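What follows is a set of notes on a single structure, which appears directly below.
The values are calculated or read from the model by the stated rules, or taken from the named source; none is laboratory data. Here the structure is a predicted model, which is why all the values come from computation and not from measurement. Methodologically, a virtual Cβ is constructed for each residue, glycine included, from the backbone with ideal geometry; neighbour enumeration extends over all protein chains shown. Just so you know, the surface numbers come from the protein's heavy atoms only, side chains and all, with ligands and any DNA or RNA stripped out. Shrake-Rupley method; radii C 1.70, N 1.55, O 1.52, S 1.80 Å.
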Amino acid sequence: MAVRRLIPLAVACALAAAAATPAQARGTDEPYCATHKCIALTFDDGPGPYLQTLLKTLSEYKAKATFFVIGTEVKKHPKLTQLIAKSGHEIGNHSWDASYLTSLKYDQINKKIGDTQRLIQKTTGKAPKLFRAPGGLRNGGVEEITAKFGLLQVPGTTATKDYIKDYRDVDLLTTRALDVAGEGEVVLMHETVKETVESMPEVLQVLTAEGYSFVTVSTLLEGQELTPGQVYPDQPGVETTTAVD
């Protein structure tokens, strides 16, 4: 699903209230992806054991990515978390652990998202603006709490499905990544899957030859009018019931 084909919601943009947008940082008001063939590669569940290998590969192709990190892993690996930020990549909040938030009470959801948000800010000096719920599952409580913390929900537009054990083959994941790639896509992958990390050199090489620019999710969304708590892109059919108090 290409970003520029989606109809922006006419709502106030609060995501950039606390900091300059990527476009402003470049000294221009024109969205980068208005003139470039962009794709956002995203990696979940880290920081993990293959992170440094992945960061090296991304650097070789001048690629920027977005890492949705888990609070427990940030606590274990603060220096790796800092390395992601220092390497120019974006960090998103992926909750405290792998618990599905839709099975939790409101105050539990608030604690998992809030504790992760505060820890990432303490570790890197910057609060995330993006959130991805474990399993992509969300409800009214998740929407309310993410809005409170100034987070836009980004479940991703497509995935290599590397979370399926039978798919964990380098050649298969390379093929899948190339198959799902498209202009404006937000590709969901996992940095904790060794085969995904090993597939990245060929994936980046091929997509670079096809003219893609590898950007963070925030860069991809420049020019969109979005509000914290909103799910981007809107995905009907995902659980939307209010969390139990």
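A few comments on the model shown:
- Contact order relative to length of segment 141-211, as percent, for alpha carbon pairs under 8 angstrom and 6 or more apart: 33
- Potential extension, residue 144-residue 158 segment - 0.36 nm per residue separation minus Cα distance: 2.6 nm
- Qualifying trypsin sites (Lys or Arg not before Pro) in segment 37-114, where qualification requires a DSSP coil assignment and no more than 16 other C-beta atoms within 10 Å, comprise 62.
- Under 25 Å of direct C-alpha separation, and excluding same-chain neighbours fewer than eight residues apart, residue 148 reaches these lysines: 75, 105, 111, 112, 122, 126, 129.
- Residue order for 144, 222 - accessible surface, 1.4 angstrom probe, largest first: 144, 222
- Mean separation of Cα contacts under 8 Å (6+ apart) over length of segment 54-154, as relative contact order %: 27
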